1. Taking Cα centroids, how far is segment 341-419 from segment 46-91 in Å?
2. Please work out how much length the chain gains when fully extended from ASN456 to VAL210, using 0.36 nm per residue of separation minus the C-alpha to C-alpha distance, in nm with one decimal.
3. Under the 0.36 nm per residue contour assumption, what length would be gained going from the current alpha-carbon distance of VAL263 and ASP141 to full extension?
4. Where nothing but the Cβ of Lys and Arg (+1) and of Asp and Glu (-1) is charged, how large is the charge dipole of segment 339-449 around its Cα centre, in debye to the nearest 20?
5. If I take all pairs of Cα atoms in segment 484-612, what percentage of them are more than 24 Å from each other?
6. With viscosity set to 0.890 mPa s at 25 °C, what whole-number translational diffusion coefficient in µm²/s follows for the chain from Stokes-Einstein and a Kirkwood radius over Cα pairs?
7. Compute the distance from the alpha-carbon center of segment 456-509 to that of segment 562-585, in whole Å.
8. I'd like the per residue volume of the convex hull spanned by the Cα atoms of segment 378-537, given in cubic angstrom.
Amino acid sequence: MEERNTHSNTFARVIFIVFGGLITGILLFAGAVIAYQNSFRDKIYRGVSVDNVIVGGLTRSEAAEKLERELRYPIESSFNFTWQDKSWQANARELGFHPQTEQMTEAAYTIGRTGGLLDQISTQIATMLHGVTIQPVFLFDERVAFNKITKIAEEIDTPMDDPSIVLQGSDVVIVPGKSGMMLDRQMTMSMLQIYAQNLQSAEIELPVVVLEPTEANLGEQKQVLDNLLHRDFVLYTNDERGTLNAGSIPAEILAGMIDFEPVMTDGNLAIEMNPKVEPFYTRLLEIGSNVYKKAQDAKFIFDNSTRSLRLIQQAETGKELNIDKSLENIAEAIRAGRNEAEVALDIIQPKVTDNVNAEELGIRELVHTENTYFFYSDDARIQNIQVGAAKLNGVLIAPGETFSMADAVGEVSKETGYAESSVIFGDQTVQDVGGGLCQVSTTLFRAAFNYGLEINERHAHGYRVYYYERLGNRQLDPGLAGLDASVYLPVLDLKFTNDTPYWILMEAQPDTNLFQLQWRFYSTDVNRYVEYTSTGLTNIVPEGEPVYNENPNFPSGYVEQVDWGIDGADVTIYRTVYENGLIHIQDRFDTHYEAWSDIWEYGPGTPGMPPNGTGSGNE
């Protein structure tokens, strides 16, 4: 019994000793690991190297400094570039290879610090016993290398002289080219990068390409050029009348209007022909002015009995030159060796067609009437009033549209029906085509003014003109001063905007029996009314002394008064436009009239002319 107890105690002591030793060993090992990790808390674990540089036991900053000092490849490497009997040397650093010390030290520092605890301990022990080597990391700055290679190329590259074309009059002469050489920069870069990635030095034989000019097909092209340049270049149009000649460019000047440039296509040299833009553009502008046709809107009058529109002039499409497309056509023809090209035309559609509907446009009633009077006008002035009024009779103005009298009337010339009559030009009255159009513009201005439309452009006359201050009883009303509108189309224009939501139809009717010009607006009443006040004539300046001018076209002894004097003055009109009882527009119109003198003309040698003490316009 006692012997059995003794054996049991002995076995227990053995188990206790073994277990205690195991626990003690584990604790000692753990303590050693903890002590090791603490000692390398901010350091790279022992046994880590980058290439052949030992960085274990160093902080990251110390390791970075050591790598900068001891990584020798960037400065000890050697690249020898050769071509024929020439060579150029550079090391990796000079070619843009820079060690990425921060990236390498971070990689070294993470060894033994990733994964689970047992993986970290295992890696730390293996690294300490067997070591770990990290491959160096370099940044390749290709710009540095390319600049270096480009400098080498400057000593190698020889430009190839392409065959050139010399024009002798209209004859084409092809001058042979000369070969050249060019360093293949991209291939050199690729070779350099392969060697540097493997941390090798190398001798690199530079890939140089020989550039050989070719005259393949130039004989055939020369024939094409000769055929093109020895014939006139014809420009034509296509429209409803068919194909029409729009003009031509003589062969003797055509060559000077074309640029000839050798170009490489699929290894073959070709001669590219491109028209010079400026001379062709100038020629197209001339053609454009000849072919341009303005689109004509349909014109109507309002039929009061049916409250509908009655067509008085059909709409017509217009056309204008498309310069960009025409230049493209010319370029295409010249490149193909053709001696003709189409001048492209764009069709302009009228904005008002024949089938518009009064109700849809909002033209329902007469909304305003305006009258002016042209008593004492000569036949030429009356003719111009009639022609100008006819141009504007039946015109429709869209909502939001700014109407321009210059655009609507068009060209003012004898060819368009106007006669010569007196016009105010600057500080004198002269005979010119279209005198009397200001009767039309003044009547239209007052219609727009009194209907309450926005006035965009209005010009006063240089001096007071009695035509525009005369009433239907032939009496003068100075209260109308400042309500005239002078035009000298297209320089001086009259513009106003239809700022209502409805179209406006204008009717202009001259009456030669009553010497009256009546203007009517048809639209939809927008409940507008106008109030205006005038300052009346202020700052009055008396008319000047009579002026006598010799007219070489008059016979001796003949005297005629050609202009009549009038006082100068200033006047300002203040206008307020109300719509639905609220102020819609407030504006003012300032006018300055110069003082005017009686002007007489006499024939050469007329006795007593000019009278003593009077002025002469010829002095």
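A short reminder: the numbers here are calculations on the coordinates, not readings from a lab. Predicted model only: the values in this text are computed from it and were never measured. Every residue, glycine as well, gets a Cβ built from its backbone with ideal geometry; the counts of neighbours run over all protein chains shown.
1. 88
2. 81.6 nm
3. That pair, VAL263 and ASP141, stretches by 40.5 nm at full extension.
4. With Lys and Arg at +1 and Asp and Glu at -1, about 480 debye.
5. 60
6. On the way: Rh = 36.0 Å.
D, rounded to a whole number, is 68 µm²/s.
7. 10
8. 118
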